[in-house]
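Enquirer: Below is one structure. I have some questions about it.
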Amino acid sequence: ALIDVVMETKTAGLDLVHQIRQDLKNRSIRLILRTGQPGHAPEQDVVNTYEIDAYMAKTDISAQKLSTAIIASLRAYEYITEIKALNSGLEARVEERTAELKKSTEDLQQANADLAQAVTTLRQMGDVGRDITANLDAEAVFDSLYRHVGGLLTAPVLSIYRTNTSNTALEFSYVREDGKPLPKVYIPLDSPTSNAARAARERREILLELKPDDINP
């Protein structure tokens, strides 16, 4: 930008420089200050006070000098914009790397939390094993299972079935709901609707997702 010192007022050009540099915070644009009245704006004072790139008295300006100043300013502007683009790229890369490190840190924290939970679960399983092997009474063993299972997961109901002596039906050996015993029931081993009978027939675990009002022993 070629700016004259005296325009609408005697300091309009200097005011414009201040507006661009201080108010708009534009450090990229190159500013060449021209004046025909250097007495109003002495070069040394202007250069020290205002962020300009060249000061030219009109009495000393030739076409060649003006062309050289403009070309130099355009080249400087090009370098500045290139540097700003590089800085923006570096900032983006730093932000990306920071996000990656944050994600890695979060993953590590989650892994540590999972490991701590696994250790706690293993300790609880060890407690279950010790309680079971320390008791020969079936009711005491089942009570221990119910207590420990409740500590491992949300399980208000625990039912344990055994086949009857004729191997034709399942019967409750132990059942607790919210700590209270329930009446014993018998389920035919060939029941087509009972998941417990199916698991016993097929000798495998069955994982079911039941709705709150579903009842299917």
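The values are calculated or read from the model by the stated rules, or taken from the named source; none is laboratory data. Everything numeric in this text was worked out from a predicted model, so none of it was measured. Quick reminder, even Gly has a Cβ in these numbers, built from the backbone with ideal geometry, and neighbours come from all protein chains shown. Surface accessibility is based on the protein's heavy atoms, side chains included, excluding ligands, DNA and RNA. Shrake-Rupley method; radii C 1.70, N 1.55, O 1.52, S 1.80 Å.
Enquirer: Here are T121, T59, T35: which of them is touching a residue at least 12 places away in the same chain (Cβ under 8 Å), surrounded by fewer than 10 Cβ atoms within 10 Å (Cβ to Cβ) and not charged (D, E, K, R)?
Expert: Selected residue: T59, the only one of T121, T59, T35 that is touching a residue at least 12 places away in the same chain (Cβ under 8 Å), surrounded by fewer than 10 Cβ atoms within 10 Å (Cβ to Cβ) and not charged (D, E, K, R).
Enquirer: Related question: Restricting the range 161-175 to residues that are β-branched (V, I, T) and touching a Leu at 6+ places or on another chain (Cβ under 8 Å), which is least open to solvent (accessible area, probe 1.4 Å)?
Expert: Filtering first and then ranking leaves V175.
Enquirer: Here is a follow-up. If the requirement is being in a helix (DSSP H, G or I), over 30 Å from L152 (Cα atoms), open to solvent by less than 60 Å² (accessible area, probe 1.4 Å) and not acidic (D, E), which of these qualifies: S88, S67?
Expert: S67
Enquirer: Separate question: Can you spot a residue in the range 154-167 that is in a strand (DSSP E or B), in contact with a Ser or Thr (Cβ under 9 Å, 6 or more places away or on another chain) and farther than 28 Å from G129 by Cβ?
Expert: no
Enquirer: Quick test for you: out of R21, R97, R93, pick the one residue that is out of contact with any Phe, Trp or Tyr (no Cβ under 6 Å at 6 or more places or on another chain) and either open to solvent by less than 90 Å² (accessible area, probe 1.4 Å) or outside any helix (DSSP H, G or I) (or both).
Expert: Only one candidate passes the filter, namely R21.
Per-residue answers, yes or no, for (1) open to solvent by less than 50 Å² (accessible area, probe 1.4 Å); (2) not basic (K, R):
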residue: P156; (1), (2): no, yes
residue: S159; (1), (2): yes, yes
residue: E177; (1), (2): no, yes
residue: P183; (1), (2): no, yes
residue: I187; (1), (2): yes, yes
residue: S194; (1), (2): yes, yes
residue: R198; (1), (2): no, no
residue: E205; (1), (2): no, yes
